[in-house]
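Single-structure report; data block below.
The values are calculated or read from the model by the stated rules, or taken from the named source; none is laboratory data. Remember, predicted model here, so these are calculated numbers, not experimental data. Because the Cβ atoms are built from the backbone with ideal geometry, glycine has one as well, and the counts that use them run over all protein chains shown.
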Amino acid sequence: MALPDGQRKGLISALKRKQKHLRPWANRHRIECYRVFDCEAGDLPLQIDLYGNHLHVCEIERSNEGSTAYGQDWRSEAAQTAAATLGIRSDRVFTKLRPKRARGEQHRKQSDRSYCVTVTESGLQFEINLSDYLDTGLFLDHRITRGMVADMSDGARVLNLFSYTGAFSVYAAAGGAISTTSVDLSAGYLEWAKRNMRSNGLLDIGFHKFEQMCVFDFLSRAAEHGDRWDIIVLDPPTFSNSRSMSRTMDIRRDHPELIKQCYGMLAKDGVLVFSTNARSFYLNQRFLKDLKPKNLTNETIPEDFARSRPHRTWLFTAT
């Protein structure tokens with residue numbers, strides 16, 4: 001399916017309007033990676049992110065009856081329209097389909113092209129992969145949350161669970177953490193995290209560990225050893241049934257257990273940052289009210305995600 005003229009004009013108009021608002025904000029805060037379009041019109045199910053001089057465009061598969069995706073031709077035309085509107089070269093545009101998933105189904109690798117570039121956020125460098133996966137390696141909606149962790153990290157021992165490519169660990173190390181521990185099931189993501197640390201000159205400053213383990217197993221081992229941290233970052237996937245995990249994880253069901261385990265490993269006055277992008281999520285106040293969670297969602301949603309509000313975040317402080 002080709003991109004109809006009405007959709008083309010609507011996309012151009014929306015992008016110009018959004019950029020008029022966001023570009024001065026991004027320049028003022030030295031932000032080169034941000035979301036410029038987020039499903040703002042019903043017939044344009046797109047997420048469009050700007051990564052410096054590259055564009056990452058995802059069509060979101062819809063759940064309505066009939067065809068649930070416009071198709072590759074439509075995506076390509078929409079992406080090139082966005083690129084022309086934003087002044088991005090056509091060979092620096094990447095298009096993908098974010099399909100609907102059944103419960104427990106994992107997103108598949110989309111390419112072996114390995115088109116990687118380095119981008120800057122808050123003066124720190126991060127490697128992103130624009131071609132191979134739906135996610136690029138840097139979750140833009142947590143820009144403020146990462147900065148908050150950096151601000152608290154001077155002299156701290158920091159644990160980053162479900163660490164992915166280690167962005168929180170990089171921020172913590174840059175903020176003066178004396179140690180970071182990054183825990184993830186994926187050896188590939190942990191190597192990526194090491195590269196991010198190395199590119200910022202942080203790998204040999206302080207003490208940084210990278211643990212390829214199931215988080216539940218790691219927490220059990222840490223509890224046995226009596227390990228303590230000053231800051232714990234807990235930003236888990238919504239659901240995981242990976243064969244490498246000792247058990248299935250559903251964050252709606254399991255978050256009280258995970259939060260209590262982490263809270264018990266905080267040093268005095270330590271903090272736990274818990275965040276989730278699960279839809280229809282409710283923090284289980286019945287089991288967690290004694291921990292006195294502070295909702296930081298409003299403070300951690302950046303300007304470019306103000307309408308979509310993709311995550312919710314709480315802070316727990318040990319007493």
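Could you tell me whether any residue of region 108-117 is buried (at least 21 other Cβ atoms within 10 Å of the Cβ), outside the structural domain of HIS54 (by TED's automatic domain parsing), touching a residue at least 12 places away in the same chain (Cβ under 8 Å) and closer than 27 Å to MET249 by Cβ?
No, region 108-117 contains no residue that is buried (at least 21 other Cβ atoms within 10 Å of the Cβ), outside the structural domain of HIS54 (by TED's automatic domain parsing), touching a residue at least 12 places away in the same chain (Cβ under 8 Å) and closer than 27 Å to MET249 by Cβ.
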Counting only residues that are more than 23 Å from the chain's Cα centre (by Cα) and of a type in the set (A, V, I, L, M), region 16-40 contains a total of 0
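Any residue at all in region 149-159 that is at pLDDT 95 or above and either under 28 Å from LEU97 (Cα atoms) or not assigned by TED's automatic domain parsing to the domain that holds GLU191 (or both)?
The first filter runs over region 149-159 and keeps only residues at pLDDT 95 or above, leaving 149-159.
Then keep just the ones that are either under 28 Å from LEU97 (Cα atoms) or not assigned by TED's automatic domain parsing to the domain that holds GLU191 (or both); that gives none.
No, the conditions are met nowhere in region 149-159.
Please verify whether ASP230 is at pLDDT 95 or above, touching a strand residue (DSSP E or B) at 6+ places or on another chain (Cβ under 8 Å) and either of a type outside the set (A, V, I, L, M) or in a helix (DSSP H, G or I) (or both), treating the condition exactly as stated.
On the way: at pLDDT 95 or above: yes; touching a strand residue (DSSP E or B) at 6+ places or on another chain (Cβ under 8 Å): yes; either of a type outside the set (A, V, I, L, M) or in a helix (DSSP H, G or I) (or both): yes.
Yes; evaluated as a whole, the condition is true for this residue.
Residues are listed down the side, and each one gets a yes or a no for (1) touching a strand residue (DSSP E or B) at 6+ places or on another chain (Cβ under 7 Å); (2) among the polar types (S, T, N, Q):
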{"position": "GLU257", "(1), (2)": "no, no"}
{"position": "GLY264", "(1), (2)": "no, no"}
{"position": "LEU288", "(1), (2)": "no, no"}
{"position": "THR297", "(1), (2)": "yes, yes"}
{"position": "PRO302", "(1), (2)": "no, no"}
{"position": "ALA306", "(1), (2)": "no, no"}
{"position": "HIS311", "(1), (2)": "yes, no"}
The correct count of residues that are closer than 30 Å to ILE31 by Cα and surrounded by 11 or more Cβ atoms within 10 Å (Cβ to Cβ) in region 273-292 is 7
From the option list LYS268, LYS260, single residue qualifying as assigned to a strand (DSSP E or B) and closer than 28 Å to GLN285 by Cβ is LYS268
Pairs returned, first residue in region 188-203 that is within 15 Å of ASN160 (Cα to Cα) and among the hydrophobic types (A, V, I, L, M, F, W, C), second residue that is at pLDDT 95 or above and part of a helix (DSSP H, G or I), beta-carbon separation under 9 angstrom, 6 or more apart or interchain, are ALA193/ALA167; ALA193/SER169; ALA193/VAL170; MET197/SER169; MET197/VAL170; MET197/ALA173
Those residues of region 157-183 that are within 18 Å of ASP135 (Cβ to Cβ), of a type in the set (A, V, I, L, M) and touching a residue at least 60 places away in the same chain (Cβ under 8 Å) come to a total of 1
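Among the residues of region 296-313, what is the count of those that are assigned to a loop (DSSP other than H, G, I, E, B) and surrounded by 15 or more Cβ atoms within 10 Å (Cβ to Cβ)?
Applying the first criterion (assigned to a loop (DSSP other than H, G, I, E, B)) to region 296-313 yields 296, 301-302, 306-311.
Checking which are surrounded by 15 or more Cβ atoms within 10 Å (Cβ to Cβ) leaves us with 296, 301-302, 310-311.
Within region 296-313, residues that are assigned to a loop (DSSP other than H, G, I, E, B) and surrounded by 15 or more Cβ atoms within 10 Å (Cβ to Cβ) number 5.
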Those residues of region 217-251 that are surrounded by 16 or more Cβ atoms within 10 Å (Cβ to Cβ) and under 19 Å from VAL273 (Cβ atoms) come to a total of 14
Over region 200-212, the set of residues modelled with pLDDT of 95 or more, assigned to a loop (DSSP other than H, G, I, E, B) and surrounded by 14 or more Cβ atoms within 10 Å (Cβ to Cβ) is ASN200, LEU202
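Quick grid of which residues meet (1) charged (D, E, K, R); (2) modelled with pLDDT of 95 or more; (3) surrounded by 16 or more Cβ atoms within 10 Å (Cβ to Cβ):
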site	(1), (2), (3)
LEU11	no, yes, yes
VAL36	no, yes, yes
ALA69	no, no, yes
GLN80	no, yes, yes
GLY87	no, yes, no
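Got a number for residues in region 271-295 being farther than 26 Å from PHE37 by Cβ, not in a strand (DSSP E or B) and not aromatic (Phe, Trp, Tyr)? Let's see the steps before the verdict.
The first filter runs over region 271-295 and keeps only residues farther than 26 Å from PHE37 by Cβ, leaving 271-274, 282-295.
Checking which are not in a strand (DSSP E or B) leaves us with 282-293.
Pick out the ones that are also not aromatic (Phe, Trp, Tyr) and you get 283-286, 288-293.
Selection size over region 271-295: 10.
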